[in-house]
1. What distance in nm lies between label points placed 7 Å from Cα along the C-beta direction at Arg170 and Thr47?
2. Starting at the first residue of the range 79-93, write each ³J(HN,Hα) from the Karplus equation 6.51 cos²θ - 1.76 cosθ + 1.60 with θ = phi - 60°, in whole Hz, x for Gly and Pro.
3. Which whole-Hz ³J(HN,Hα) couplings does the range 63-78 yield from phi under the Karplus relation 6.51 cos²θ - 1.76 cosθ + 1.60, θ = phi - 60°, glycine and proline marked x?
4. Can you give me the distance in nm between label points at Glu186 and His80, each placed 7 Å from the Cα along the Cα-to-Cβ direction?
5. To the nearest Å, what is the center-to-center distance of the range 57-118 and the range 33-50, using C-alpha atoms only?
6. Express in nm, to one decimal, how much length is gained between Lys136 and Asp158 on full extension, taking 0.36 nm for each residue of separation and deducting their alpha carbon distance.
7. Please say if the chain is rounded, prolate or oblate, where rounded means a/c under 1.5 for a ≥ b ≥ c the square roots of the C-alpha gyration tensor eigenvalues, and otherwise the choice is prolate for a/b larger than b/c and oblate otherwise?
8. Give me the percent relative contact order of the chain, please, defined on Cα pairs under 8 angstrom at least 6 residues apart.
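Values quoted throughout were computed directly from the atomic coordinates according to the rules given, and no laboratory measurement underlies them. Owing to the predicted nature of the structure, the values given are computational and were not obtained by experimental measurement. Glycine gets a Cβ as well: all are built from the backbone with ideal geometry, and neighbour counts include every protein chain shown.
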Amino acid sequence: MFSVTSVAKKEEDKVRLLFNMDNKSEIGYIDWEFIHDMQGIAPELITPEIISLTPGFLGKVPKKWDKIKAKLKKHVDPDHTIHCAISDIENLGNEFKIRGTLKNKEGEILSFHKVVVFDEDRFEDDYIGAVITDKKGNFTLSFGKKTFSDFGLEAEPDIYFRVFQWQEERFVEIGRTMPRVFEKSEITDPETKKTKILIEFGVVTI
């Protein structure tokens with residue numbers, strides 16, 4: 001695992017988590033500005049969701065990102081493209097935080113699946129963020145009120161999930177769910193001392 005800077009010392013909405021979808025492993029933290037820069041330089045190899053990691057991709061990385069380049073180089077296969085999924089940590093603030101564990105109807109853990117989080121609205125649903133579950137099926141996401149509250153009128157989101165499985169080098173949707181049972185509580189950020197609303201979904205079944 002690598003980290004450009006410690007997440008504790010850097011705003012979480014400035015970093016993302018990177019997962020190797022080919023061998024199902026977590027690579028580590030990566031700077032969002034690097035992702036943004038590389039989308040302009042090599043759009044054929046990187047999107048907001050996936051990095052196609054190749055020697056050619058590394059060859060296009062600017063010098064200012066040498067530290068990230070050196071870390072990514074450890075994961076490059078000269079003979080194969082390595083598909084790295086980009087996972088949100090925090091999106092547009094952190095007034096809210098959700099946690100859950102993804103499982104199928106048989107109770108099996110769904111690790112390294114993509115969970116896309118939405119707020120259900122009457123006219124148009126709001127995209128909140130997208131996360132990759134870890135090897136235990138766990139996922140977490142912090143987000144701000146402005147991701148879902150139109151004109152500041154909504155106090156809390158009505159959350160549902162769209163779930164995607166990695167199949168044949170792409171994410172394929174396998175279902176969606178809107179859990180009706182969850183627990184809400186207020187927690188205090190130990191660093192900022194600000195409070196946020198924690199929404200615990202427990203086991204999310206798809």
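1. The answer from the label model is 0.8 nm.
2. With the stated coefficients, the range 79-93 comes to 9, 9, 6, 9, 9, 10, 8, 9, 10, 5, 10, 8, 9, 6, x Hz.
3. 4, 5, 9, 4, 5, 5, 4, 4, 6, 5, 4, 5, 9, 7, 10, x
4. Taking the simple label geometry, Glu186 and His80 are separated by 5.1 nm.
5. 13
6. 5.4 nm
7. prolate
8. Relative contact order of the chain: 19 percent.
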